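The structure appears right after this line, and notes come after that.
The values are calculated or read from the model by the stated rules, or taken from the named source; none is laboratory data. No experiment lies behind these values; they were computed from the predicted model shown. No Cβ is skipped: glycine too gets one built from the backbone with ideal geometry, and neighbour counts run over all protein chains shown. With ligands, DNA and RNA removed, areas are computed over all heavy atoms of the protein, side chains included. Shrake-Rupley method; radii C 1.70, N 1.55, O 1.52, S 1.80 Å.
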Amino acid sequence: MESLIEKIKSGYLWDFPGGVHPPERKELSNYQTISHLALPEKLYVTVKQHIGQAAHLLVKVGDKVKAGQALSQVQGPMELPVHAPSSGEVVEIKSHPIAHASGLETETIVIQTDGLDNWIDKQPVANYLELSKVEIVDKLKAAGIAGLGGAAFPTYVKHNNSQPVDVLIINGVECEPYITADDRLMQEYAAEIICGIEIFTHLLKPKMVVIAIENNKPAAIAAMEQACEGKTQFIVRAIPTKYPAGGEKQLIQVITGKEVPSGGIPSDIGVVTQNVGTAYAAYKAIVHGEPLIERVVTVTGEQVSQPGNYWIKLGTPVEFILAQTGYQAAKPEHLIMGGPMMGFNIPNKQVPVSKITNCILAPSNQELPLPEDEQNCIRCGYCVDACPANLLPQQLYWHTKAKEHDKAQEYKLADCIECGACAYVCPSEIPLVQYYRIAKAEIKAERIEHEKAEKAKERFNARNERLEKEKQARLDKHKQAAEARKAAMEKDQGAKDKVAEALARVQAKKQQAASGDNSKADNSKSDTKSAAQAAIERAKARKAAQEAEKAQATNAEQTASAEQAEAPPAAENDAKAKAKAAIERAKARKAAKAAEKAQTADTEQTASAEQSEAAIPAENDAKAKAKAAIERAKARKAAQAAEKAQATDTEQTASAEQAEAVPAAENDAKAKAKAAIERAKARKAAQAAEKLAQESTEQTETSSQPANEQSDKDARIKAAIAKAKAKRKQLGEDQ
Amino acid sequence: MSILIYALIAIGVLAVIFGALLGYAQIRFKVESDPLVEQIDEVLPQTQCGQCGYPGCRPYAEAIANGDDINKCPPGGDATIKKLADMMGVEVKPLVGSEDNTQQEPIKKVAYIREDECIGCTKCIQACPVDAIVGAAKHMHTVIIDECTGCDLCVEPCPVDCIDMLPIETKPETWRWQMNSIPVKNL
Amino acid sequence: MSFRVASSPHNHVKNKTSRVMMLVALACVPGILTQVWYFGYGSLIQILLAVTTAIAAEALCLQQRNYPVVKRLKDNSALLTGLLLGISLPPLAPWWIAVIGSLFAIVIAKQVYGGLGQNIFNPAMAGYVVLLVSFPLSMTLWLPPLTLVEYDISFVDTLMLIFTGYSETGYSLAQLRVDLDGFTMATPLDTIKTGLSNQQTFSELSQIKVFSEQLGIGWTAVNVAYLCGGLILIFLKVINWRIPVAFLTSLFIFSWVCHVASPDGAATASLHLLSGATMFGAFFILTDPVSASTTPRGKIIFAVLVGLLVFFIRQYGGYPDAIAFAVLLANMCVPLIDYYTKPRVYGHTTR
């Protein structure tokens, strides 16, 4: 390391591969001193102007703010506050276009300026050396200082790093054509910049500081050298003019000969870089207590009559700046934020200046002509020679164009710095960088999606596991309960009764199919009256429900057919059927009530009988279930009608007659379809009913719930159960 | 005639030798890789939406491994089909149901519950395959947007139809550079 | 309010494909002029024929493939292909040689592969090889330098020879190649190839008329002219220096070693470098961007491979010159070379 520092001190410069020499055009704007523009009426302060997360808003509409007042507050990592650039009132907080290539809108604080430009109480620190490192870093954070070179990386993050720093590189290269903001800043504020750099050195304690400036800025080099006089640790180094020498990675290579590892950060190799503008902002923030509310912006291009560098408040709309600098719109209008190599087009002039804005370029169509049609790649390899990262742009082009993302990654797409040198030299005018950006964005999206998919899979598996566990737990519980009951029963009455009960149940079921009368006879045989009665009641209920269901089915069918065929008789039938159905339903409900009573009495049997068939019951709230069942029943009815209507659709001519016919008498297809539907429905209903039954069992068991709460809805619940059971029965018949 | 026999014998012997060699190599140099099902499952989007007709992504992965069609996954879209085709060594097929119309990337959507309309029935909670809906009975439910896979399964069970599938909003961070936003014409 | 929205970079170097192609074509001019000076107007007519056919074929293909014909023709790639093929043809070859060669180069070697930028083989050389294999006689009848031909061949004679096979005075090409002693004069490389296979020594062979100071008359000048053109291209950064330098170096080393090892059994290195299509190939054929390797190291490997192949075919193969074969063979290796010569990317420790 020592030898490296010696070598750097000796004046040795390394080189980076590739690079291009686009026309610089810096003479347009670099001869005038930095001046101020008038204060705009409204300032549009984007809440998030840096890389990272937006900080949390502190103001609301109607608040009066003073210049330098924080509008947002840092609460998490990679957050950075924004400040009111001037005094006034917050009139709106809305979505507004931002300084981003997408032209999208995000949260923006609109401040109506009052023209007074009143400052908050500044808290200048005369001697920052007295402050601790943490205090200074906090101050930098609170002042919203971000890298002003173009990426707006929060500056405090760079200084929080605990890795030892050997070389601090101050980037005054400004390799982008047209831009002269840093050039002018260095010429006019060299001492302040040095002071800012000293704040950084105080924090980082580097072994040496290299201020790198491209050798096409002799005035800036002279100014900085003069300001550095007597400071042995500081070196001002003129580096050869070549784009993109100002790129962080390239600059590190030029100054130290080292490369930042792929995916790493400069401090991994003991280097930290800061832009000269950032150093100036840090000076302002610490020594003057002024947060970052304005920056130097180069306004240039042949379409502005007064090109130059201006102090511009963050949040000033581009339109306002252009209006003051004699802008004449080209046709079509063409505005670039940033330089011609890496800047982005802005789609409208409402875009405000943000921390990343170092240049507003309004070129004429002659100086930066419209891109021409993309021609075939002829594999000339000029892009390979121009690439500063040693990539193979033409291979990346093939793979990104074909969306072969894995191959593009194999060719190290991620290491592309999007400097645009390849696209600049391409004789076929292929927008190479654009292809890479798309591919990068897609790869990123894919990665996020994949992560999400992984998470979803995990959650899905966790859920399945949980369901399985719950089911098992329930089964165990039931088993235990059954055993407990069994034990209790044995104590009470003995096994005989139970056998009889079981017999009665079986017989009841059998009888039900044949006739209700027989069940009575069977009943009398049984020893336990309650059980038998319950069975009868249930059978009746079932039958009633069945009828009701049938009626309902016919009813629905008729409604459908009536609509289809528009036959009056059908309508009559419909009405009749409806009435009948209603009666049946009422009956069913009555019966069901009775059945329910019996069931409650007969809790044990029902429970044990149904236990084995229990599906995956999950709920603890019986009422919700009940409601669900009702809802479903209603839905079913509707669905049935719809289904029928469809069926009738195909057989319109026969519909009227068919509607009246019993399902068994209907022709094959329809009957089958109906049967299938009914079966499905029945199954669903049955499941619900079973759940319910079980729940009621549980309820009775625990019986902690007051009965009166249920009384209101009970009837309906019972009806649903009855209906469901009827369907199951029907299903049996169908099969 | 004897030459023919010799030739046949020679070739037969060679076949046996090479066969044995290959067989040995297959055992000796067996490449340990993820079981096919795992690999397929990896490619599937894990929305667990069941649109393929299987209860979840893994069952579908198993079905594909057993020879089912690879084009039954609408959330995965063309990209997934392409990957599956590569993996299974079969032809890329258009997505089931989109054979005639032009293929489009499925728009990513997530579920939103209109919360004032929610009656707290918990049905969507039960339907959600990834437990991305929270809420209790008779209380309003809400979707954890970050966990939602956009599977649609909660929409149907909702008795009051208060669940909307809305496309994910594009933010500057998630914005994808679009070729068509910039007029590039291929000559 | 229409705003122009484009992707960065917004400025662009003014070095279009058409310009690159045109510069390469112009750099051929010194070579062509020298060729005309030594071997007559034949070359001009061949070039004209080949270029016309190439452009016509390209236009037809583009039109059939529904591309904007005029816009695409403006990239000058067909013109260059025709030009390079025309230069390589024997000056007095029958007219249909140029036509068939150009057609093959454009239609089969270029457009069938997908047009500009998609062809794996150098179209001009593919066309040349097809001709050489299909019509070996016509393709090997190079006229000796005019200074050695005992008849004056006027422009009309050239035209008639190309289109009818006989000069105005009724001589055929074969007759023109025979000197006063009844000895058929061939190209220097051909002479050596035939001679060496007839157990003659190199020093014996270099006494033959077509040589002077062990170098081929005319051919040396032509090669020097192409060398000059090529240097201009390198200076203008139209072509990369790696391919020509690596190719010439490898050819020199191989031939020099061989000549030192067996002075009588092999031609000198200088003869290898300054006869046949060596310089033309080094600067104008190998550097064809489409079919050559694109990585910096790949370019060197590619060029060295061509040098090696050229030497071996010239020395041991069945054909006197070998640029075309060597280039096509090396073209086949390009994808492989490119794959294994990826440069080390910034920030990576391995390739």
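I'd like the residue in the range B:154-172 that is surrounded by 13 or more Cβ atoms within 10 Å (Cβ to Cβ) and at pLDDT below 85 and, out of all such residues, is nearest to the chain's Cα centre (by Cα).
B:I168
Filter the range A:398-425 down to the residues that are within 8 Å of another protein chain (Cβ to nearest Cβ), out of contact with any strand residue (DSSP E or B) (no Cβ under 8 Å at 6 or more places or on another chain) and under 21 Å from A:D373 (Cα atoms) and list them by number.
Across the range A:398-425, the qualifying residues are A:E418, A:G420, A:A423.
For A:L129, state whether it is among the hydrophobic types (A, V, I, L, M, F, W, C) and free of Cβ contacts under 8 Å to residues at least 40 places away in the same chain.
In short, no.
Suppose the filter is within 13 Å of another protein chain (Cβ to nearest Cβ) and not charged (D, E, K, R); does B:G56 pass it?
Details: within 13 Å of another protein chain (Cβ to nearest Cβ): yes; not charged (D, E, K, R): yes.
Yes: the conditions hold for B:G56.
Right, A:H96: buried (at least 19 other Cβ atoms within 10 Å of the Cβ), outside the structural domain of A:T256 (by TED's automatic domain parsing) and not in a strand (DSSP E or B) or not?
Criteria not met by A:H96.
Hey, can you tell me all the residues within the range C:68-98 that are surrounded by 19 or more Cβ atoms within 10 Å (Cβ to Cβ) and farther than 28 Å from C:P30 by Cβ?
Of everything in the range C:68-98, just one residue is surrounded by 19 or more Cβ atoms within 10 Å (Cβ to Cβ) and farther than 28 Å from C:P30 by Cβ, namely C:R72.
Any residue at all in the range A:24-43 that's open to solvent by 50 Å² or more (accessible area, probe 1.4 Å) and within 14 Å of chain C (Cβ to nearest Cβ)?
Scanning the range A:24-43, I find at least one residue that is open to solvent by 50 Å² or more (accessible area, probe 1.4 Å) and within 14 Å of chain C (Cβ to nearest Cβ), so the answer is yes.
Can you confirm whether A:V276 is in contact with a helix residue (DSSP H, G or I) (Cβ under 7 Å, 6 or more places away or on another chain) and buried (at least 24 other Cβ atoms within 10 Å of the Cβ)? First the steps, then the outcome.
On the way: in contact with a helix residue (DSSP H, G or I) (Cβ under 7 Å, 6 or more places away or on another chain): yes; buried (at least 24 other Cβ atoms within 10 Å of the Cβ): yes.
So A:V276 fits the description; yes.
Okay, residues lined up against (1) at pLDDT 90 or above; (2) assigned by TED's automatic domain parsing to the domain that holds A:C419; (3) farther than 23 Å from A:E188 by Cβ; (4) touching a His at 6+ places or on another chain (Cβ under 9 Å):
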position	(1), (2), (3), (4)
A:Q303	yes, no, yes, yes
A:Q306	yes, no, no, no
A:Y310	yes, no, no, yes
A:K313	yes, no, no, no
A:F320	yes, no, yes, no
A:Q324	yes, no, no, no
A:A329	no, no, yes, no
A:G339	yes, no, no, yes
A:M342	yes, no, yes, no
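Say we look at the range C:190-208 and pick out the residues that are open to solvent by 20 Å² or more (accessible area, probe 1.4 Å) and under 25 Å from the mean Cα position of the chain (by Cα); which of these is nearest to C:I87 (Cα to Cα)?
In the first step, residues of the range C:190-208 are kept if they are open to solvent by 20 Å² or more (accessible area, probe 1.4 Å); the result is C:190, C:193-194, C:196-201, C:203-204, C:207-208.
Right, trim to under 25 Å from the mean Cα position of the chain (by Cα) and you get C:190, C:193-194, C:196.
Values: C:D190: 18, C:K193: 22, C:T194: 24, C:L196: 27 Å.
Applying the filter and picking the extreme gives C:D190.
Residue by residue through the range A:147-183, note down the ones that are in contact (Cβ under 8 Å) with a residue 60 or more places away in the chain and out of contact with any helix residue (DSSP H, G or I) (no Cβ under 8 Å at 6 or more places or on another chain).
Hits for the range A:147-183 are A:G150, A:A151, A:A152, A:F153, A:V157, A:P164, A:C175, A:E176.
Of everything in the range A:252-264, what is within 11 Å of another protein chain (Cβ to nearest Cβ) and either over 20 Å from A:K7 (Cα atoms) or open to solvent by less than 10 Å² (accessible area, probe 1.4 Å) (or both)? Give them in sequence order.
Passing the criteria: A:I252, A:V260, A:P261, A:S262, A:G263, A:G264.
Go through the range A:399-423 and report how many residues are touching a helix residue (DSSP H, G or I) at 6+ places or on another chain (Cβ under 7 Å), open to solvent by less than 20 Å² (accessible area, probe 1.4 Å) and in a helix (DSSP H, G or I).
Going through the range A:399-423 one residue at a time, the tally reaches 7.
State whether the residues of the range B:133-142 include one that is without any contact (Cβ under 8 Å) to a residue 12 or more places away in the chain, within 14 Å of chain A (Cβ to nearest Cβ) and open to solvent by 20 Å² or more (accessible area, probe 1.4 Å).
Yes: the range B:133-142 contains one or more residues that are without any contact (Cβ under 8 Å) to a residue 12 or more places away in the chain, within 14 Å of chain A (Cβ to nearest Cβ) and open to solvent by 20 Å² or more (accessible area, probe 1.4 Å).
Suppose we keep only residues that are under 11 Å from the mean Cα position of the chain (by Cα) and open to solvent by 10 Å² or more (accessible area, probe 1.4 Å) within the range B:40-53. Which one would you say is nearest to the other protein chains (Cβ to nearest Cβ)? Working first, answer last.
From the range B:40-53, those under 11 Å from the mean Cα position of the chain (by Cα) are B:40-52; that's our starting set.
Still in the list and also open to solvent by 10 Å² or more (accessible area, probe 1.4 Å): B:42-43, B:45, B:49-52.
Numbers: B:E42: 8, B:V43: 9, B:P45: 5, B:C49: 10, B:G50: 11, B:Q51: 14, B:C52: 14 Å.
If we take residues in the range B:40-53 being under 11 Å from the mean Cα position of the chain (by Cα) and open to solvent by 10 Å² or more (accessible area, probe 1.4 Å), then B:P45 is nearest to the other protein chains (Cβ to nearest Cβ).
In the range A:100-109, what residues are surrounded by fewer than 20 Cβ atoms within 10 Å (Cβ to Cβ) and in contact with a His (Cβ under 7 Å, 6 or more places away or on another chain)?
A:E105
Go through C:L328, C:L286, C:L274 for me and flag whichever is of a type in the set (A, V, I, L, M), in contact with a strand residue (DSSP E or B) (Cβ under 8 Å, 6 or more places away or on another chain) and within 30 Å of C:L79 (Cβ to Cβ).
So the residue among C:L328, C:L286, C:L274 that is of a type in the set (A, V, I, L, M), in contact with a strand residue (DSSP E or B) (Cβ under 8 Å, 6 or more places away or on another chain) and within 30 Å of C:L79 (Cβ to Cβ) is C:L274.
I'm told C:V20 meets every condition in (1) surrounded by fewer than 23 Cβ atoms within 10 Å (Cβ to Cβ); (2) more than 19 Å from C:Y128 (Cβ to Cβ) except one. Can you identify the failing condition by its number?
So C:V20 meets the others, but not (1).
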